[in-house]
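Chemist: My questions will all concern the structure given below.
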Amino acid sequence: MRKIDHYVSGKRVAGKNGNYADVTNPATGEVIAATPLASADEVRDVIAAANAALPAWAATPPAQRAEVFYTFRDLLKSHAAELAPMLSDEHGKTNPDALGEIARGIEVVEFACGIPHLLKGEYSEAVSTGVDSYTLRKPVGVCAGITPFNFPAMVPMWMYPVAIACGNTFILKPSEKDPSVTVRIAELFSQAGLPDGVLNVVHGDKIAVDTLLADPGVDAVSFVGSTAIGSYVYTTGAAHGKRVQALCGAKNHLIVMPDADMDQTVDALIGSGYGSAGERCMAVSVAVPVGEATADRLVEKLKPRIESLKIGPHTDSQAEMGPVISKESLDRINRYIAGGIEAGAELVVDGRDFSLQGYENGFFLGGCLFDRVTTDMDIYRDEIFGPVLSVVRAKSYDEAAQMVDDHEYGNGAAIFTRDGDAARDFTSRVKIGMVGVNVPIPVPVAYHSFGGWKRSLFGDHHIHGMEGVRFYTRLKTMTTRWPSGIRTGAEFNFRRGSEV
Ligand code: NAD
């Protein structure tokens, strides 16, 4: 059995304590590798390596740091065809989807190439007579990232390129379900010239996460994953005096106005609801048609499209959607489907008996569509994280927009309409972090920032873009006077402009 290594101080390092977790190919159900689960001591060794690398890296001029990023970007591009199947073997997503996630990660690396510009400070001449003041952004220190299974390449790259460009060192604790690609990418970063110990990868479970959250050698923690774990990471990390951002679960609504282009809307719902088997935090999982006639037209057009989805392993170039990540996940989704039927929703498309010759042990599920879902049902309230779309019929635009606001999650939402007034009102009023107008998955590009509201994000900063730079730096403000400045004598009282 292939054993996955940690990556510490520029080298692959085997797990030492004998604890391993199975890594499974979701298309076949076969165990294909074993990933080490680090002990607290092993994690502390990695923290020590990241601390040892910190002073030299923090002192490296930003333009020299950027040089490494230019090479890293080129290596990622030239290795994308190697990385994508490695990722999909463990995750299950289709090859174009894996290449797409790598491309979105590369965008963040490109953003990080501009770090000399992004770190420019502020300078005020003559804040008082002969006194000048300037503010710099300094690295926070050692940063940790804890990431989910659904984007094993892209989500870590939302974090460490920005953190490292800012002069921090980084410890990544990837999902134990699909960790191989993270190690290979770290290796490419070393090949690009990143000094040893600046990016480290440690595999593990709760023990590794708890060690990172409590150890004084870690200064900041970025988390992306489910809301239950994210709120724990946020409160625990903050209680240990760390800067924490935790991006969490979602239930993204797409409002369909009566004037929407129905073919465009259906295309959008198919891609955003069923792409990556619905395992995206920006997947649309609720469609809210306004008015019965709109709803009837929508469901009528969605049904045959869902029934004809091409489902298969990533090695099938025709596949539009792969399996879900694990048997546990498949069972959980099936429980939600049974619960939805029991609660009175109408299962218009039932994907539960989907099976694929040669892949009978894979975790495949056909696309499912529920109509006449109500807001008190679990299938509406909870994040299912599978290829299950719920249609909740609204009588009016106001009722639809209110529904979006009343939901506990606030990651993404979209409105499909030709009505500028409705779109403008929607974008302005909803309590949602990322909003689309005729765009179903409004994931911001790397130079904007990604993040939700409400229980979709704990902390003060969104991720990547300028918010990433703010999260991974802290301000230092200098106030300076030179002997030729006017002598004021001893100052005993605060006065405007002369507190200095
Ligand atoms: P998860 O919360 O199960 O795992 C995330 C990370 O936390 C993993 O590294 C895991 O090892 C670790 N972890 C798991 N249990 C833990 C525990 N008890 N204590 C400490 N650490 C623990 O999430 P997942 O199933 O891997 O990913 C799916 C979730 O991620 C969904 O809820 C999805 O919406 C969310 N997600 C959110 C965003 C976003 O930007 N908001 C992006 C991608 C995924």
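Chemist: How many residues are on the phi < 0 side of the Ramachandran plot and away from the ligand (no atom under 16 Å from the Cβ) if we restrict to region 131-155? Steps first, please.
Modeler: First, pick out the residues of region 131-155 that are on the phi < 0 side of the Ramachandran plot: 131-140, 142-155.
Next cut, away from the ligand (no atom under 16 Å from the Cβ) only: 131-140, 142.
Result for region 131-155: 11.
Chemist: Residue by residue through region 212-249, note down the ones that are near the ligand (Cβ under 10 Å from one of its atoms), assigned to a loop (DSSP other than H, G, I, E, B) and touching a helix residue (DSSP H, G or I) at 6+ places or on another chain (Cβ under 9 Å).
Modeler: The answer is Gly225, Cys248, Gly249.
Chemist: Is region 338-346 home to any residue that is under 17 Å from Gly92 (Cβ atoms) and surrounded by fewer than 21 Cβ atoms within 10 Å (Cβ to Cβ)? Full working, then the answer.
Modeler: So in region 338-346, the residues under 17 Å from Gly92 (Cβ atoms) come out as none.
No; the residues of region 338-346 include none that is under 17 Å from Gly92 (Cβ atoms) and surrounded by fewer than 21 Cβ atoms within 10 Å (Cβ to Cβ).
Chemist: Tally time: how many residues in region 179-203 are within 12 Å of the ligand (Cβ to nearest atom) and either more than 21 Å from the chain's Cα centre (by Cα) or on the phi > 0 side of the Ramachandran plot (or both)? Please lay out each step first, then the result.
Modeler: Residues of region 179-203 that are within 12 Å of the ligand (Cβ to nearest atom), as a first pass: 179, 182, 201-203.
Keeping just the survivors that are either more than 21 Å from the chain's Cα centre (by Cα) or on the phi > 0 side of the Ramachandran plot (or both) gives none.
Adding up the residues that qualify gives 0.
Chemist: Moving on to the next point. Spot the failing condition for Lys206; the list is (1) more than 9 Å from the ligand (Cβ to nearest atom); (2) among the basic types (Lys, Arg); (3) surrounded by fewer than 20 Cβ atoms within 10 Å (Cβ to Cβ), and only one is missed.
Modeler: Lys206 satisfies all of (1) more than 9 Å from the ligand (Cβ to nearest atom); (2) among the basic types (Lys, Arg); (3) surrounded by fewer than 20 Cβ atoms within 10 Å (Cβ to Cβ) except (1).
Chemist: Look through region 443-459, keep the residues that are touching a Phe, Trp or Tyr at 6+ places or on another chain (Cβ under 8 Å) and part of a loop (DSSP other than H, G, I, E, B), and return whichever of them is farthest from the ligand (Cβ to nearest atom).
Modeler: Tyr447
Chemist: Does Phe363 qualify as being within 16 Å of the ligand (Cβ to nearest atom) and surrounded by 19 or more Cβ atoms within 10 Å (Cβ to Cβ)? Before you say what the answer is, go through the steps one by one.
Modeler: Values: within 16 Å of the ligand (Cβ to nearest atom): yes; surrounded by 19 or more Cβ atoms within 10 Å (Cβ to Cβ): yes.
Considered against the rule, which asks whether it is within 16 Å of the ligand (Cβ to nearest atom) and surrounded by 19 or more Cβ atoms within 10 Å (Cβ to Cβ), Phe363 comes out as yes.
Chemist: Also, I was wondering about something else. Under 7 Å between Cβ atoms, at least 6 apart or on separate chains: pull out the pairs that start in region 415-432 with a residue that is outside any loop (DSSP other than H, G, I, E, B) and end on any residue that is surrounded by 13 or more Cβ atoms within 10 Å (Cβ to Cβ) and among the hydroxyl-bearing types (Ser, Thr, Tyr).
Modeler: Short answer, once both residue conditions are applied: Phe416/Thr265; Ala422/Tyr397; Ala423/Thr417.
Chemist: Could you pull out the residue among Gly312, Gly291, Gly322 that is within 16 Å of the ligand (Cβ to nearest atom) and buried (at least 16 other Cβ atoms within 10 Å of the Cβ)? Talk me through it step by step, then tell me what you get.
Modeler: Numbers: Gly312 fails: within 16 Å of the ligand (Cβ to nearest atom); Gly291 fails: within 16 Å of the ligand (Cβ to nearest atom).
Result: Gly322 is the single residue among Gly312, Gly291, Gly322 that is within 16 Å of the ligand (Cβ to nearest atom) and buried (at least 16 other Cβ atoms within 10 Å of the Cβ).
Chemist: From Ser329, Ser390, which residue is surrounded by fewer than 22 Cβ atoms within 10 Å (Cβ to Cβ) and either farther than 20 Å from Asp97 by Cα or in contact (Cβ under 8 Å) with a residue 40 or more places away in the chain (or both)?
Modeler: On the way: Ser390 fails: surrounded by fewer than 22 Cβ atoms within 10 Å (Cβ to Cβ).
Going through Ser329, Ser390 in turn, just one is surrounded by fewer than 22 Cβ atoms within 10 Å (Cβ to Cβ) and either farther than 20 Å from Asp97 by Cα or in contact (Cβ under 8 Å) with a residue 40 or more places away in the chain (or both): Ser329.
Chemist: So, one more: Would you pick out the residues in region 317-354 that are aromatic (Phe, Trp, Tyr) and more than 29 Å from the chain's Cα centre (by Cα)?
Modeler: Start the filter on region 317-354 by keeping residues that are aromatic (Phe, Trp, Tyr), which leaves 336, 354.
Listed by number, the list holds a single entry, Phe354.
Listed here are the residues, each with its yes/no results for (1) crowded, with 17+ Cβ neighbours inside 10 Å; (2) small (Gly, Ala, Ser); (3) at pLDDT below 95.
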{"residue": "Ala40", "(1), (2), (3)": "no, yes, no"}
{"residue": "Asp45", "(1), (2), (3)": "yes, no, no"}
{"residue": "Ala50", "(1), (2), (3)": "yes, yes, no"}
{"residue": "Ala59", "(1), (2), (3)": "no, yes, no"}
{"residue": "Phe69", "(1), (2), (3)": "yes, no, no"}
{"residue": "His79", "(1), (2), (3)": "yes, no, no"}
{"residue": "Phe111", "(1), (2), (3)": "yes, no, no"}
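Chemist: Same structure, new question: Restricting the search to region 273-305, which residues are in a loop (DSSP other than H, G, I, E, B) and under 23 Å from the mean Cα position of the chain (by Cα)? Explain how you work it out, then say what you get.
Modeler: Filtering region 273-305 for residues in a loop (DSSP other than H, G, I, E, B) gives 279-283, 291.
Across region 273-305, the qualifying residues are Glu279, Arg280, Cys281, Met282, Ala283.
Chemist: Tally the residues that are part of a helix (DSSP H, G or I) and over 28 Å from Arg280 (Cβ atoms), restricting the search to region 181-206.
Modeler: Start the filter on region 181-206 by keeping residues that are part of a helix (DSSP H, G or I), which leaves 181-191, 206.
Narrowing further to those that are over 28 Å from Arg280 (Cβ atoms): 190-191.
Here the count works out to 2.
The values are calculated or read from the model by the stated rules, or taken from the named source; none is laboratory data. Here the structure is a predicted model, which is why all the values come from computation and not from measurement. Reconstructed Cβ throughout: ideal geometry from the backbone, glycine too, with neighbour counts over all protein chains shown.
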